[in-house]
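Trainee: Below: one structure in structure tokens.
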Amino acid sequence: MSAANVLLADVGGTNLRLVLADAEHGVDHASLVSLRVAEHPSLEAAARSYLRAHGAKPEVAVFAVAGRVEQGRAQITNHPWQIDCTALRALLEIPRIKLVNDFAAMGASLPALTADDMVAIGPSLPDLAAATDGCFAVLGPGTGLGATAVLRRGGRWLVMETEGGHIGFAPQDALEIELLRVLAARFGRVSNERLICGSGLLNLYRALGEVRSEPAPALTPEAVTSDALRGNALALAALERFALILGGVAGDLVLAYGAWDGVLLAGGLIPQLLPRLRGGDFRARFTGKGRFGATLERIPSAAIMHAQPGLLGALAIASMHAEVHHCGATAGDCA
């Protein structure tokens with residue numbers, strides 16, 4: 001691949017990040033833009049405008065999308081955008097395109113992360129680049145709750161595309177049983193994502209207000225966070241419960257995926273939640289797994305602090321995709 005002939009996109013329910021890159025020199029940081037998804041009619045329109053503005057004609061593109069990818073198509077879980085690989089290829093005139101789940105791209109970034117890109121929460125992770133065989137879980141709250149498992153087998157990194165954030169919420173104490181009752185009346189089925197993401201924080205705050213018979217005036221997740229920083233008791237309780245439940249979900253994914261080598265937290269909310277996560281609530285629920293508690297106490301966990309891990313992983317996928325495209329298209333390919 002020659003210079004800047006790769007288009008990378010991290011497509012969330014709120015933001016779309018686009019950047020040009022090449023396999024040899026990496027990301028062209030000057031070309032990075034962040035757009036609001038709601039301000040564009042489609043991914044095709046946003047990407048086409050971006051390419052025209054930069055005078056770019058990439059040969060390869062990887063779109064990491066916040067939704068399940070099936071046969072070259074995806075529906076953004078928390079936004080109406082529908083993405084079709086064939087349509088993207090035709091409209092953008094890019095010969096080789098791959099759609100992947102956004103947290104699969106997060107997982108693909110693991111070999112490129114350094115110690116400076118992570119902050120330990122509990123036992124420290126090993127050097128990921130030096131890993132031989134193992135399994136890691138990556139999860140994190142943003143507009144939704146993403147999750148994936150990353151395996152190292154025979155010198156190769158293998159990433160599973162999952163929707164683990166939609167596993168059902170399992171309350172662990174009397175308060176959470178009451179929260180589930182309130183949320184079930186609103187949503188019917190209550191997944192972990194209904195509590196652990198941006199809108200989930202607001203759901204949790206409002207449900208907690210109902211259970212405690214206290215007013216819950218904040219109207220956005222950002223307002224809940226800012227109210228907590230100002231000492232509002234209900235908002236602070238919602239943040240504490242958020243960290244507790246996130247820890248429980250992370251520990252559950254260790255058990256479900258066999259991620260005995262560590263858990264990494266990613267997503268837009270993690271940097272602002274970091275003080276709360278390191279304060280003890282996260283690890284308390286993470287390790288509180290009954291007969292497997294002692295095992296979980298030994299499992300490392302860390303927060304990914306790299307500014308754009310999704311794009312970093314998308315570049316790794318682009319490099320691999322360019323090397324193997326001649327073998328034929330797979331489920332997320334349009335070659």
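The values are calculated or read from the model by the stated rules, or taken from the named source; none is laboratory data. Quick caveat: nothing in here was measured; it's all calculated off a predicted structure. When we count neighbours, we look across all protein chains shown, and the Cβ atoms used for this are built from the backbone with ideal geometry, even at glycine. Only protein heavy atoms, including side chains, enter the accessible area calculation; ligands, DNA and RNA are left aside. Shrake-Rupley method; radii C 1.70, N 1.55, O 1.52, S 1.80 Å.
Trainee: Considering the chain as a Gaussian network with a 10 Å cut-off on Cα pairs, which listed residue, S226, S191, S319, attains the greatest mean-square fluctuation?
Mentor: With Cα springs under 10 Å in the chain, the top fluctuation among S226, S191, S319 is at S226.
Trainee: Could you list which residues have their amide H under 5 Å from that of V69, counting only those 5 or more apart in sequence or on another chain, with H placed in the peptide plane?
Mentor: For V69, the qualifying residues are N101.
Trainee: Whole-Hz ³J(HN,Hα) for each residue in the stretch 274-290, computed from phi via Karplus 6.51 cos²θ - 1.76 cosθ + 1.60 with θ = phi - 60°, x for glycine and proline: what do you get?
Mentor: 3, x, 5, 5, 7, x, x, 4, 4, 5, 4, 7, 4, 8, x, 10, x
Trainee: Using only the alpha-carbon atoms, what does the chain span along each of its principal axes? Please give whole angstrom values in decreasing order.
Mentor: Each principal axis gives a Cα extent; for the chain these are 58, 44, 33 Å.
Trainee: Counting pairs of Cα atoms in the stretch 139-298, how many percent are more than 27 Å apart?
Mentor: Of the Cα pairs, 22 percent sit more than 27 Å apart.
Trainee: What is the percent carbon and sulfur in the accessible area of the chain, measuring with a 1.4 Å probe over the protein chains and ignoring ligands?
Mentor: On the chain, the fraction of accessible area on carbon and sulfur atoms equals 52 percent.
Trainee: Semi-axes of the equivalent ellipsoid for the stretch 13-55, please: Cα gyration tensor eigenvalues, times 5, square-rooted, ordered largest first, whole Å.
Mentor: 21, 12, 8
Trainee: Determine the sum of side-chain charges near V69: Lys and Arg each +1, Asp and Glu each -1, restricted to other residues whose C-beta is under 13 angstrom from that of V69.
Mentor: Computed value for this residue: -3.
Trainee: Okay, moving on. How would the stretch 59-200 be classified by its alpha-carbon gyration tensor: rounded, prolate or oblate, with rounded meaning a/c under 1.5 and the a/b versus b/c comparison settling the rest?
Mentor: oblate
Trainee: Just the number please: accessible area per residue for the chain, 1.4 Å probe, all protein chains included, in Å².
Mentor: Result: 44 Å² of accessible area for each residue.
Trainee: Modelling each spin label as a point 7 Å along the Cα-to-Cβ direction, I'd like the R298/L255 distance in nm, to one decimal.
Mentor: Reported label-point gap for R298 and L255 is 1.8 nm.
Trainee: L145: net charge of surrounding residues, Cβ under 13 Å, Lys/Arg +1, Asp/Glu -1, itself excluded?
Mentor: Computed value for this residue: -3.
Trainee: In addition: Among A21, A238, A56, which one moves the most in a GNM of the chain with springs linking Cα atoms closer than 10 Å?
Mentor: Residue with maximal mean-square fluctuation among A21, A238, A56: A56.
Trainee: Sort out for me the Cα centre separation of the stretch 13-43 from the stretch 45-97, rounded to whole Å.
Mentor: Value for the Cα centre distance between the two parts: 11 Å.
Trainee: Same structure again: On a 0 to 90° scale, report how tilted helix 43-54 is relative to the longest principal axis of the chain, with both axes built from alpha carbons and the result rounded to the nearest 10.
Mentor: 60
Trainee: Treating the Cα atoms of the stretch 217-296 as identical point scatterers in vacuum, please give the log10 of the normalised Debye intensity I(q)/I(0) at q = 0.19, 0.20, 0.23 Å⁻¹, two decimals.
Mentor: Values returned for q = 0.19, 0.20, 0.23 Å⁻¹ are -0.81, -0.87, -1.05.
Trainee: Stretch E222-T14 to full length: gain in nm at 0.36 nm per residue minus the Cα-Cα span?
Mentor: 73.5 nm
Trainee: In debye, nearest 20, what is the charge dipole magnitude of the chain about its Cα centre with +1 on Lys and Arg Cβ and -1 on Asp and Glu Cβ, if you could check?
Mentor: 500
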